[in-house]
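The values are calculated or read from the model by the stated rules, or taken from the named source; none is laboratory data. Fair warning: this is a prediction, and the values are worked out from it, not measured in the lab. Cβ placement follows ideal geometry from the backbone for every residue including glycine, while neighbour counts extend to all protein chains displayed. Side chains included, ligands, DNA and RNA excluded: accessible areas come from the protein's heavy atoms. Shrake-Rupley method; radii C 1.70, N 1.55, O 1.52, S 1.80 Å.
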Amino acid sequence: MSPQTSTFNTIAPFYKKAFNQLEKCGQKSYGKFFLLREEDIPIIGRLIAWSLGDQATARQKGIDLEKGLLLSGPVGCGKTSLMSLLRFFSSGNKLHIIKPCRDIAFEFHKNGFDVIQRYAGNSFIPGKPIGFVCFDDLGTEQDLKYYGQDCNVMAEIILSRYERFTRSGKLTHFTTNLSADEIEERYGP
């Protein structure tokens with residue numbers, strides 16, 4: 001992204017610094033060719049506002065700070081990278097871990113139904129609270145069996161985490177290549 005671009009120059013100075021910092025962190029993490037494109041400024045700006053809990057910007061942009069994030073887009077567009085980089089802007093109460101859905105499905109195949117409870121319940125690792133989770137690449141996992149029992153592992157985890165959200169407000173994030181209709185078809189409404 002070039003600082004001379006017209007869209008970039010119209011954003012608030014604080015956000016200009018945040019974009020520059022995000023780009024520097026991206027280059028450090030992913031290489032010198034990492035860059036933020038001008039057309040992504042509105043989306044990335046909303047993500048930064050959410051991560052920072054910027055209530056004024058959230059109101060202005062129609063962002064609900066009380067809900068989790070869903071990044072959807074084609075393979076290779078940077079969803080996972082953005083979710084990783086957003087941790088640089090998240091305070092302790094919004095810090096998240098990233099867990100690939102395929103890994104969770106394989107864990108289920110190996111270890112059974114305790115895996116669902118691990119990701120749906122109150123802790124990720126016994127005794128260590130997790131706060132927020134970003135389930136990465138929703139839709140790439142397969143339904144697997146554990147001792148002959150089929151299970152849509154992520155559907156069970158999503159339902160349990162939604163129930164947890166309604167009780168305690170614990171948020172969940174997702175990245176996916178699926179459309180809203182495809183998500184509903186595979187995991188329910």
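Here are the numbers:
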item	result
Test for V133: is it in a helix (DSSP H, G or I) and at pLDDT below 90	no
Helices (runs of 4 or more DSSP H) enclosed by segment 2-94 - at least 2 residues per element that are at pLDDT 90 or above	13-30, 41-52, 55-61, 79-86
Given (1) open to solvent by 40 Å² or more (accessible area, probe 1.4 Å); (2) under 19 Å from the mean Cα position of the chain (by Cα); (3) modelled with pLDDT of 85 or more; (4) within 22 Å of L22 (Cβ to Cβ), index of the condition P100 fails	(4)
Hey, A18 open to solvent by less than 30 Å² (accessible area, probe 1.4 Å) and over 29 Å from I158 (Cβ atoms) or not	yes
Residues located in segment 21-34, provided they are over 15 Å from F88 (Cα atoms) and surrounded by fewer than 13 Cβ atoms within 10 Å (Cβ to Cβ)	G31, K32, F33
Residue list for segment 55-69, filter: within 21 Å of K170 (Cα to Cα) and open to solvent by less than 100 Å² (accessible area, probe 1.4 Å)	A58, G62, I63, D64, L65, G68, L69
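One line per residue, one yes/no per condition, for (1) out of contact with any Phe, Trp or Tyr (no Cβ under 7 Å at 6 or more places or on another chain); (2) without any contact (Cβ under 8 Å) to a residue 24 or more places away in the chain:
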{"residue": "P13", "(1), (2)": "yes, yes"}
{"residue": "K17", "(1), (2)": "yes, yes"}
{"residue": "S29", "(1), (2)": "yes, no"}
{"residue": "L36", "(1), (2)": "no, no"}
{"residue": "I41", "(1), (2)": "no, no"}
{"residue": "R46", "(1), (2)": "yes, yes"}
{"residue": "G62", "(1), (2)": "yes, yes"}
{"residue": "P74", "(1), (2)": "yes, no"}
